[in-house]
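For reference, the structure is listed below as structure tokens.
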Amino acid sequence: MRNRRHMDRAQLTRLLLVTSILYVIGFYFIGSAIKPGYSQLSNFVSEYNATGTPWAGTLTYAGYLATAVLLSAFLVSAAPLAQVSGMSRWGFWLLWSVPASYFLAVIAPCDAGCPIEGSTSQLMHNFLAIVTYFGMGASIALVSLASKFRAFKLRRTFILLVGIAFPVVFVAMVQPEFAPWRGLLQRSLDIALAASLILIAWTLIPSGQQAHQAKS
């Protein structure tokens with residue numbers, strides 16, 4: 001019975017992650033379709049609900065808030081199952097930076113164009129963006145240190161590189177010369193993050209059968 005509950009929770013955890021990723025994909029494409037003049041290549045994700053722009057309220061709650069809730073549910077479900085310890089456990093808790101990166105757009109939406117300087121909300125948005133992006137990079141890099149990844153060296157290498165890429169790409173995408181491509185750079189990080197979370201969920205969260213075999 002206990003093994004069955006573990007298996008059900010592992011399946012629920014993975015389902016929540018896949019649902020979160022699919023929801024984000026839908027959110028991005030629907031948001032860009034209804035947002036006048038929005039470009040996936042050059043606009044930041046946070047510009048979906050920029051203050052005073054069309055559909056800002058709808059995309060705040062149906063987009064960012066809903067995504068933050070789904071990702072939070074995934075982490076709550078995964079927490080007791082994840083095979084992490086030491087630094088990788090710290091990394092796992094830092095994964096809360098992921099839902100926080102979406103929730104920041106709810107509490108501190110950016111100004112139109114998402115400038116470096118602007119309103120109080122914009123300045124708070126910029127500060128929280130730095131915290132969450134560097135937090136996500138650190139979390140992914142630290143989780144790659146989990147002992148379970150020793151048997152999956154390619155997965156570990158990929159996740160570690162993604163963790164290193166986060167601060168590097170973040171700095172690049174706020175540079176003026178990359179303005180035409182900053183949306184593409186940000187979405188590349190989103191794709192790499194999604195792949196990393198999938199690898200983490202399928203490597204560090206054993207199914208009920210795997211857990212049973214480990215105890216045998």
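The values are calculated or read from the model by the stated rules, or taken from the named source; none is laboratory data. As the structure is a computational prediction, the values presented were derived from the model and not from experiment. Cβ: placed from backbone, ideal geometry, glycine included. Neighbour counts: every protein chain shown.
General remarks:
- For the condition in contact with a Pro (Cβ under 8 Å, 6 or more places away or on another chain), at pLDDT 95 or above and buried (at least 19 other Cβ atoms within 10 Å of the Cβ), Leu94 does not qualify.
- Qualifying residue in region 156-178 (condition: touching a helix residue (DSSP H, G or I) at 6+ places or on another chain (Cβ under 6 Å), of a type in the set (D, E, K, R) and free of Cβ contacts under 8 Å to residues at least 24 places away in the same chain): yes
- Which numbered condition Gln83 fails, given (1) closer than 22 Å to Tyr64 by Cβ; (2) assigned to a loop (DSSP other than H, G, I, E, B): (1)
- Matching residues, region 104-136, being part of a helix (DSSP H, G or I), farther than 14 Å from Phe44 by Cα and hydroxyl-bearing (Ser, Thr, Tyr): Thr120, Ser121, Thr132
- Test: residue in region 199-209 that is in a helix (DSSP H, G or I) and modelled with pLDDT under 95: yes
- Those helices (runs of 4 or more DSSP H) of region 1-78 in which 3 or more residues are farther than 23 Å from Ala195 by Cα and more than 16 Å from the chain's Cα centre (by Cα) occupy 2-34, 56-59.
- Top-ranked residue in region 138-166 [being hydroxyl-bearing (Ser, Thr, Tyr) and surrounded by 14 or more Cβ atoms within 10 Å (Cβ to Cβ); ranked as farthest from Ser101 (Cα to Cα)]: Ser144
Results for (1) touching a Phe, Trp or Tyr at 6+ places or on another chain (Cβ under 8 Å); (2) in contact (Cβ under 8 Å) with a residue 40 or more places away in the chain, shown as yes or no for each residue.
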position	(1), (2)
Leu71	yes, yes
Trp90	no, yes
Val98	no, yes
Cys110	yes, yes
Gly113	no, yes
Thr120	no, no
